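**Student:** Sharing a structure below in structure tokens format, with a few things to ask.
The values are calculated or read from the model by the stated rules, or taken from the named source; none is laboratory data. Bear in mind that the values here come from a model prediction, so they are computed numbers and not experimental data. All Cβ positions, even for glycine, are placed from backbone atoms using ideal geometry, and neighbour counts span all protein chains on display.
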Amino acid sequence: MTTTIRRVEGAADLKAFVDHQWTANAGDPHWVPPLKSEVHGLLDPRANPWFDHAEAALFLAERDGRIVGRVSAQVDRLVLAMPADQGGGAGTGHWGMFEAADAEAAAALLGAAEDWLRARGMTRAMGPFSLSIWDEPGLLVKGHDHAPTVMMGHHKAAYQEWVEAAGYGGAKDLYTYELDITQTMPPLVQRIIAMGEKNPRIRVRKVDKSRFDAEAAIILGLLNDAWGRNWGFVPLTDAEIAYAGKKLKPIVFEDLIRIAELDGEPVAFMITLPDLNEFTRDLDGRLFPFGWAKLLWRLRNPRVRTMRVPLMGVASRLQSTRLASQLAFMLIEYIRRASIERYGATRGEIGWILDDNLGMRAIAETIESHVNRVYRLYEKPL
């Protein structure tokens, strides 16, 4: 039977688009079902402020009366305004939310996304982004043998071959690093931390959740400064910051998010999250009728195996200095201790980290972590 592609129109199609991820990943022991309410919220222009500066189209692939794949195509005006050497620029369109039953469905879906992008004047297709760099970027090309941590994707190994067969080449790799946090830091790192603790100019503190908005503003200011020149960086709008804050506040634990100050000025931060995938995996994507109560109960006194560090940054004026590494090691060590003592964690995951971010990669390797997953962003001229 021929594969046909149609655009998602209406609530029934949207439900089929979201639900297809369960069909596509059935039988994969390492896939973690997302919360369906979160996915629907991500795709809802009335809920997600990303749509204030972007537009997206969703497509389904069908064959013999059944769905055999899905894909999104999107154009983000903030990406179009980026410098070309940072992964954006005029003519750069994205695709994502990709699932396919076979190579034929994959080719048809990517072709539909490319046609939609061409119709909007795009000259380069890049993906996968689901929907942006801040959601689940990249296609998993290494690490299929274990489950992802919170806010990271998981994809069939065959997808790499199918995407590359459609003419895509790698644009950037994103690495995650894992380590056994029950092990003490290497002696050199311990000495660096001890020196920092004796420096009266340095203070590392927990965030104060009662001042959530003010603390978020400090961290986001540091994020924009530290990450502003990174490949793929798209600044969050005020509305997106508020949206993200509302979602993250219930999972913010003060001893897992730290700010480093130098002479009283915030100059570095580290955000760590308990791996919520451990709490939600058995919910099968459903919060109701009983999933919500289970999740709230688990968050009251969270005990997890893995902690994930999704964001970390040092003020740009300090980058490439010894102080930057010292602050990073201090943040990592203080959160490592809290992760073990309060939450019972034994494993940490850092990332993603860009393949050309040599400073962060060096820090990850110095604390004896190793790459456990690689996500690849692809590009193709249209």
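**Student:** Out of all the residues in region 205-219, is one or more without any contact (Cβ under 8 Å) to a residue 60 or more places away in the chain, touching a His at 6+ places or on another chain (Cβ under 8 Å) and part of a loop (DSSP other than H, G, I, E, B)?
**Tutor:** Taking every residue of region 205-219 in turn, none turns out to be without any contact (Cβ under 8 Å) to a residue 60 or more places away in the chain, touching a His at 6+ places or on another chain (Cβ under 8 Å) and part of a loop (DSSP other than H, G, I, E, B).
**Student:** Also, quick follow-up: How many residues, within region 17-49, are among the β-branched types (V, I, T) and more than 18 Å from S72 (Cα to Cα)? First the steps, then the outcome.
**Tutor:** If we filter region 17-49 for residues that are among the β-branched types (V, I, T), which is where we start, we get 18, 23, 32, 39.
Narrowing further to those that are more than 18 Å from S72 (Cα to Cα): 32.
Summing the residues that are among the β-branched types (V, I, T) and more than 18 Å from S72 (Cα to Cα) in region 17-49 gives 1.
**Student:** Still on this structure: Could you check Y243 against (1) under 30 Å from A24 (Cα atoms); (2) surrounded by 19 or more Cβ atoms within 10 Å (Cβ to Cβ); (3) outside the structural domain of M97 (by TED's automatic domain parsing) and say which number it fails?
**Tutor:** Y243 satisfies every listed condition except (2).
**Student:** Do any residues in region 110-135 that are in contact (Cβ under 8 Å) with a residue 24 or more places away in the chain have Cβ atoms under 6 Å from those of residues that are crowded, with 16+ Cβ neighbours inside 10 Å and of a type in the set (K, R), where the two are at least six apart or on different chains, and which pairs are they?
**Tutor:** Listed pairs, sorted by first residue: A125/K380.
**Student:** Shifting gears a bit: Taking the options R191, R258, name whichever one is at pLDDT 95 or above, among the basic types (K, R) and either surrounded by 14 or more Cβ atoms within 10 Å (Cβ to Cβ) or part of a loop (DSSP other than H, G, I, E, B) (or both). Step through it out loud before you land on a result.
**Tutor:** On the way: R191 fails: either surrounded by 14 or more Cβ atoms within 10 Å (Cβ to Cβ) or part of a loop (DSSP other than H, G, I, E, B) (or both).
R258 is the lone residue from the list that is at pLDDT 95 or above, among the basic types (K, R) and either surrounded by 14 or more Cβ atoms within 10 Å (Cβ to Cβ) or part of a loop (DSSP other than H, G, I, E, B) (or both).
**Student:** Further question: Tell me the residue from A113, A100 that is assigned by TED's automatic domain parsing to the domain that holds Y159, buried (at least 24 other Cβ atoms within 10 Å of the Cβ) and touching a Gly at 6+ places or on another chain (Cβ under 7 Å), please.
**Tutor:** From the options A113, A100, the qualifying one is A100.
**Student:** May I ask you to verify whether E161 is touching a residue at least 24 places away in the same chain (Cβ under 8 Å), in the same structural domain as L58 (by TED's automatic domain parsing) and either outside any helix (DSSP H, G or I) or within 28 Å of N277 (Cβ to Cβ) (or both)? Step through it out loud before you land on a result.
**Tutor:** Values: touching a residue at least 24 places away in the same chain (Cβ under 8 Å): yes; in the same structural domain as L58 (by TED's automatic domain parsing): yes; either outside any helix (DSSP H, G or I) or within 28 Å of N277 (Cβ to Cβ) (or both): yes.
Judged against the criteria, E161 is a match.
**Student:** Listed residues D238, D213; which is modelled with pLDDT under 95, within 30 Å of A84 (Cα to Cα) and among the charged types (D, E, K, R)? Walk me through how you get there before you give the answer.
**Tutor:** On the way: D213 fails: within 30 Å of A84 (Cα to Cα).
Of the residues listed, the single one that is modelled with pLDDT under 95, within 30 Å of A84 (Cα to Cα) and among the charged types (D, E, K, R) is D238.
**Student:** Oh, and also: Take Q86 and tell me if it is surrounded by fewer than 23 Cβ atoms within 10 Å (Cβ to Cβ), in contact with a Phe, Trp or Tyr (Cβ under 9 Å, 6 or more places away or on another chain) and outside the structural domain of G228 (by TED's automatic domain parsing).
**Tutor:** On the way: surrounded by fewer than 23 Cβ atoms within 10 Å (Cβ to Cβ): yes; in contact with a Phe, Trp or Tyr (Cβ under 9 Å, 6 or more places away or on another chain): yes; outside the structural domain of G228 (by TED's automatic domain parsing): yes.
Here the answer is yes, as Q86 does meet what is asked.
**Student:** Also, I was wondering about something else. Filter region 25-48 down to the residues that are assigned to a loop (DSSP other than H, G, I, E, B) and among the polar types (S, T, N, Q), then identify the one that is nearest to the chain's Cα centre (by Cα).
**Tutor:** Quick first cut of region 25-48, residues assigned to a loop (DSSP other than H, G, I, E, B) only: 25-35, 43-48.
If we keep only those that are among the polar types (S, T, N, Q) too, we end up with 25, 48.
Details: N25: 19, N48: 16 Å.
Filtering region 25-48 for residues that are assigned to a loop (DSSP other than H, G, I, E, B) and among the polar types (S, T, N, Q), the one nearest to the chain's Cα centre (by Cα) comes out as N48.
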